[in-house]
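The values are calculated or read from the model by the stated rules, or taken from the named source; none is laboratory data. This one's a predicted model, so the numbers in the text were calculated from it and none came from an experiment. Cβ placement follows ideal geometry from the backbone for every residue including glycine, while neighbour counts extend to all protein chains displayed.
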Amino acid sequence: MIDASLPKLKLYKADWCGYCVRVMRKLDELGLAYEGVEVPIPHRDRREVIAVSGQPEVPVLVDGDVVIDDDDRIIPYLDARYGHKPE
Ligand SMILES: N[C@@H](CCC(=O)N[C@@H](CS)C(=O)NCC(=O)O)C(=O)O
C-alpha cells in the first residue's frame, strides 16, 4: 500500500536500463510512490538530469535535498531510509 504521507520521490530512468529496473523494483517493494522521468537517449539532451546530478547517467534518485546516482548507492539508501524496521 502506498503511503501518501511520505515525500514524493523522483527517479530519472530509462526503460532499457537494468540498473533503473533494480531501483524501480526496490521502490515497489517498499511501497514508495515516485515520479519516473524517462531521460532522452542522447546524452546531450539529458539537460534536466545533468542539472540535478551533475552527470548524465541513470538511475538518479531525488528525495528532497538528497540526490543520488548509481543503483549501488540508491538501493541501500532506500532500505536505510524507508525499509521496515524490526518490531
Ligand atoms: N554506476 C551506475 C551506472 C549507471 C549506468 O551505466 N547507466 C547507464 C544506463 S543502464 C547509462 O546511463 N549509460 C549512459 C547511456 O548509455 O545513456 C549505476 O550502477 O547505477
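In the set Ile75, Ile68, Ile50, only one residue is touching a helix residue (DSSP H, G or I) at 6+ places or on another chain (Cβ under 9 Å), of a type outside the set (S, T, N, Q), surrounded by 16 or more Cβ atoms within 10 Å (Cβ to Cβ) and part of a strand (DSSP E or B); that residue is Ile68. All conditions but one from (1) under 15 Å from Leu78 (Cβ atoms); (2) surrounded by fewer than 12 Cβ atoms within 10 Å (Cβ to Cβ); (3) within 13 Å of the ligand (Cβ to nearest atom); (4) not aliphatic (A, V, I, L, M) apply to Arg22; the one that does not is (2).
Just one of the numbered conditions (1) outside any helix (DSSP H, G or I); (2) surrounded by 13 or more Cβ atoms within 10 Å (Cβ to Cβ); (3) free of Cβ contacts under 8 Å to residues at least 40 places away in the same chain is not true of Val58: (3).
Would you be able to say whether some residue in region 29-37 is near the ligand (Cβ under 10 Å from one of its atoms), modelled with pLDDT of 95 or more and surrounded by 12 or more Cβ atoms within 10 Å (Cβ to Cβ)?
Here is the first cut: in region 29-37, the ones near the ligand (Cβ under 10 Å from one of its atoms) are none.
No - not one qualifying residue is present in region 29-37.
For Asp45, state whether it is surrounded by fewer than 16 Cβ atoms within 10 Å (Cβ to Cβ), free of Cβ contacts under 8 Å to residues at least 12 places away in the same chain and charged (D, E, K, R). Here the answer is yes, as Asp45 does meet what is asked.
Would you check if there is a residue in region 75-86 being more than 14 Å from the ligand (Cβ to nearest atom), over 13 Å from Lys13 (Cα atoms) and among the hydroxyl-bearing types (Ser, Thr, Tyr)?
Taking region 75-86 as the starting set, the residues that turn out to be more than 14 Å from the ligand (Cβ to nearest atom) are 79-86.
Within this subset, residues satisfying the condition of being over 13 Å from Lys13 (Cα atoms) are 79-86.
Now narrow it down to the ones that are among the hydroxyl-bearing types (Ser, Thr, Tyr): 82.
Checked region 75-86: at least one residue is more than 14 Å from the ligand (Cβ to nearest atom), over 13 Å from Lys13 (Cα atoms) and among the hydroxyl-bearing types (Ser, Thr, Tyr).
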